[in-house]
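Here the structure is laid out as structure tokens; the discussion comes afterwards.
The values are calculated or read from the model by the stated rules, or taken from the named source; none is laboratory data. Owing to the predicted nature of the structure, the values given are computational and were not obtained by experimental measurement. Positions of Cβ are generated from backbone atoms using ideal geometry, with glycine treated the same way; all protein chains shown enter the neighbour counts. Surface areas here come from the heavy atoms of the whole protein model, side chains and all, with no ligands, DNA or RNA. Shrake-Rupley method; radii C 1.70, N 1.55, O 1.52, S 1.80 Å.
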Amino acid sequence: MTPSDSETSSSEHGLGQAAEKQDLSDLRLAVIGGGRMGETLIRALLRAEALSPERVRVTSRTGRRARALALELGVQAVENNRDAVRDADVVLLCVKPQGAAEVLVELEDELAPGQLLVSILAGVTSSYVEERLEAPVPVVRVMPNTPSLLGDGMSALAAGRYATADHLAQAQAIFDLVGRTVVLGEQYFDAVTGLSGSGPAFLYIVIEALAEGGVKCGLPRAVATELAAQTCLGASRMVLETGHHPAVLKDAVTTPAGCTMDGILELEEGGLRVTLIKAIVEATRRSRDLVDS
């Protein structure tokens, strides 16, 4: 039975229920696309000793990156995508969304219902993938983000038509290793892409701007950047770990007649709130067009 679209669950840093219940050690894993995110997931699995290197096959577009990973990590570099997925229990599809159609043509008659296909392709729906495969292969769609490189990622997961709760738990156990996870209905995924997928880039601009403000007020640039970045990190942890609404936490900093209120007035006058909302809306809109571009 596929989880309901209205159902949500989440976990943090491998401590969620999915990670506790799932033993990944016997899996044979194929990673199609050994780019940045593919490499991140491989490293996370090996670092956690979730499975051994010899149980991992990896491909890359030119083969060079896959061979480099094989040399460094002891995984198997495979030249052909079809060979890589053959007999694999879980296939991680980590290519660029514009290359989805080409790769799915290669794999259309190779994947079987007994395998789990986990797709991290932005803007590519589970149904798009399912329609291009000959067999009713279970698909779980995942939208991770780049802070997964440090184990502080945010990944959303959705079960496709043929995926069961067990398939979803297996995929969630993998992504719990690189940060927090949340299970959502797939209708939310363009918004997830616009928010947590693109969001780090928006926040880097915020951090840069805060640091520039510090420099303007006389701080050395390196100190200003550290102050800005750590302040954003600490504020994020306050939201996640206290469970309080950001507005409540903001009010706790904003003392009567204090300097914070003057700063907030400048932010509101400059339209920061509306600009960030518009940035998410535009990134979400663009996510819907990725496959066709």
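Structure values in brief
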| read-out | value |
| --- | --- |
| Size of charge dipole - the stretch 15-125 - debye, nearest 20, with Cβ of Lys, Arg +1 and Asp, Glu -1, no other charges | 480 |
| Per residue accessible area of the stretch 63-127, 1.4 Å probe, in Å² | 44 |
| Assigned charges on the beta-carbon of Lys, Arg, Asp, Glu; the chain dipole about Cα centre (debye) | 620 |
| Cα coordinate range in the stretch 194-285, projected on the principal axes (Å, largest first) | 39, 29, 29 |
| Gyration tensor (alpha-carbon) shape descriptor, the stretch 125-277, a/c threshold 1.5 | prolate |
| Within the accessible area of the stretch 22-140 (1.4 Å probe), percent carbon and sulfur | 45 |
| For the stretch 258-270, Karplus couplings with θ = phi - 60° (6.51, -1.76, 1.60), whole Hz, Gly/Pro x | x, 6, 4, 5, 5, x, 5, 4, 5, 4, 5, 5, x |
| Estimated D of the stretch 48-106 in µm² per second, where Rh is the Kirkwood radius over Cα pairs and Stokes-Einstein applies at 20 °C, 1.002 mPa s | 176 |
| Whole-Hz ³J(HN,Hα) from phi, Karplus 6.51 cos²θ - 1.76 cosθ + 1.60, for the stretch 166-173, glycine and proline x | 5, 4, 5, 5, 5, 5, 5, 4 |
| Computed helical MRE - 222 nm, the chain, DSSP H runs ≥ 4 contributing -39500 (n - 2.57), nearest 500 | -14000 deg cm²/dmol |
| Net lengthening on full extension, Ala201/Gln230 (0.36 nm per residue, minus Cα-Cα) | 8.8 nm |
| Sequence-separation-based contact order of the chain, relative, with Cα cut under 8 Å and 6+ spacing, percent | 19 |
| Among Ala169, Leu149, Val139 - extreme Cα towards positive end, dipole of the stretch 107-181, charges at beta-carbon | Leu149 |
| Efficiency of FRET from Cβ geometry, Leu276 and Leu71, R₀ 41 Å, rounded to 0.05 | 0.45 |
| Inter-site label distance for Ala257 and Glu106 at 7 Å from Cα along Cβ, in nm | 6.9 |
| Amide hydrogen neighbours beyond the local backbone of Gly153, cut-off 5 Å, H modeled | Ser148, Gly179, Arg180 |
| Other-chain or far-sequence residues with amide H under 5 Å of Leu92's (modelled H) | Ala30, Val31, Ile32, Val118 |
| Rounded to 10°, Cα long-axis angle of helix 36-47 versus longest principal axis of the chain | 80 |
| About the Cα centre, charge dipole magnitude for the stretch 130-220 (Lys/Arg +1, Asp/Glu -1 at Cβ), debye | 160 |
| Quotient of Cα Rg and 2.2 N^0.38 Å for the chain, N being how many residues it contains | 1.10 |
